[in-house]
1. In debye, nearest 20, what is the charge dipole magnitude of the stretch 52-180 about its Cα centre with +1 on Lys and Arg Cβ and -1 on Asp and Glu Cβ, if you could check?
2. So what is the relative contact order for the chain, in percent, with contacts set as C-alpha pairs under 8 Å and at least six apart?
3. How much length is gained if the chain between Arg34 and Glu346 is pulled fully straight, taking 0.36 nm per residue apart and subtracting their Cα-Cα distance, in nm to one decimal?
4. Report, in debye and to the nearest 20, how large the dipole of the chain comes out about its Cα centre when Lys and Arg carry +1 and Asp and Glu carry -1 on their Cβ.
5. Per-residue counts of other Cβ atoms within 10 Å, averaged by peptide: what ranking do you get for 277-283, 195-201, highest first?
6. Run the dipole for the stretch 323-389 about the Cα centre, Lys and Arg Cβ at +1, Asp and Glu Cβ at -1, nothing else charged, and hand back the magnitude in debye, nearest 20.
7. Taking amide H positions as placed 1.01 Å from N in the peptide plane, with prolines and chain starts having none, which residues 5 or more places from Ala105, or on another chain, fall under 5 Å of its amide H?
8. Taking a virtual spin label 7 Å from the Cα of Gln114 along the C-beta vector, which residues in the stretch 371-399 bring their backbone nitrogen under 17 Å of it?
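Derivation of every value follows stated rules applied to the coordinates shown; laboratory data play no part. In this text the structure is predicted, and so the values were computed from the model without any measurement. Here Cβ is always computed from backbone atoms with ideal geometry, including for glycine, and neighbour counts include all displayed protein chains.
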Amino acid sequence: MVIYYIFATVILLVQAIVLIEGWRNLIYCNRKYRPLPSEYCPRGALVCPCKGLDTTFDRNINSLFFLDYPDYEIFFVVESTDDPAYRRINEIIKQNNSNPGLAPAHLIVAGPAQSSSQKVHNLLTVCDSLPDDFKVLAFVDSDACVKPHFLISLIHPLRRKYVGAATGYRWFVPADRRLSTAVLSAINAFFASLMGPHPWNSAWGGAMALRREVFDEIGLAELWRHAFTDDYSLTRAVKKASLRIVFVPACFVASYEKTSWADLIAFARRQFIITRVGMTRLWVLAVLGIGHFVVAFWAGLFVTLYLLAADSPQAPYAAVLPLALMVAAILKATARQVMIFKILPENRRPLLVPAIIDVFLQPFLAVFTLICVLSTSFSRVIVWRGIRYILHDADHTEIQKKL
């Protein structure tokens, strides 16, 4: 039992540190989630790559036209005119461009990618063609539904020279009542809560921005020519230049999604493969962070039940570890769910079930997530939006075939 108690002490010390860091993130988010006016409004290009029609496609695309930013243009980009998104975006642009008070919008056809992912190729096609008067580049995914303050909040931190990029993050909002969709939202909530006022943030490609001069100085265009991910490539380049990536809680975006168990597993494995190849340290931290909780909680529970069955007086002491871990998990999950209810109050009802799962079923979620992470230990092949890729390393992508 001595080894068990030493193990429990170490785990509880780690959890105390995690709780303190989580509390700092919560305080930061509560201070920063409200949109504030900004005088820093350089001319901006908002780039939105599209492929296919997302769950709430029209709602997401239309939200980009109604931003409280004085000087920006929207650049939608697709692979080809055969994409279902091409026709629908054309119709939405015609509807909105008839209103002179809305931002001008353009639709660009990038053609098929040759040496990078299709998304990165699409982004690069737009960036290479932008006039020099665009001083800020912002990127948003087509499955993100943004609020009017999105762009001004995202660009505001860029006024400081030491900030290389600013980023928001997604929060999955169930668009159906399937348990698999609620689990997706709950798992994503854990990773979303890791963003905070620290130097370890990574940019998320669905809501990120940087100054044009930084884009050029860090050589992002050249990095993107062979990259699979836009955000991890940007993250590495920004940090290599000794610049910071600032997380903007006001730029949490709702992503309305519905998924099956098969699609959930495929999505999770794809994200973890991308992370293992693109940001190996993050993948290792995910294994250690989730793994230590899973091993400690379930081992502690097993030891406690074994001692109870043996009528051992040590059972109450052994129970401290799993009980403390469960209490810590409940506190952290409750904090992040309360936070997102403040940021996305209009989505409280569909977020209720994922919140309950997140708060009370964390030991089971952690096991599921750890299995998904470990299953990607040796894989480099992913399928994304109908295209199969081989990720040779962080900066070299092979397009195998379209499905």
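1. Details: 13 positive and 15 negative charges, 107 e Å.
The dipole of the stretch 52-180 has a size of about 520 debye.
2. On the way: 700 pairs, mean separation 79.4, N = 403.
The normalised contact order for the chain reaches 20 percent.
3. Working: separation 312, 0.36 × 312 = 112.32 nm, distance 1.48 nm.
Additional length available on full extension: 110.8 nm.
4. Values: 41 positive and 31 negative charges, 114 e Å.
Using Cβ point charges on Lys, Arg, Asp and Glu, the chain gives about 540 debye.
5. Numbers: 277-283: 17.9, 195-201: 15.6.
Packing proxy ranking, top to bottom: 277-283, 195-201.
6. On the way: 8 positive and 2 negative charges, 48 e Å.
The calculated dipole for the stretch 323-389 is roughly 240 debye.
7. Here Ile74 satisfy the definition.
8. 396-399
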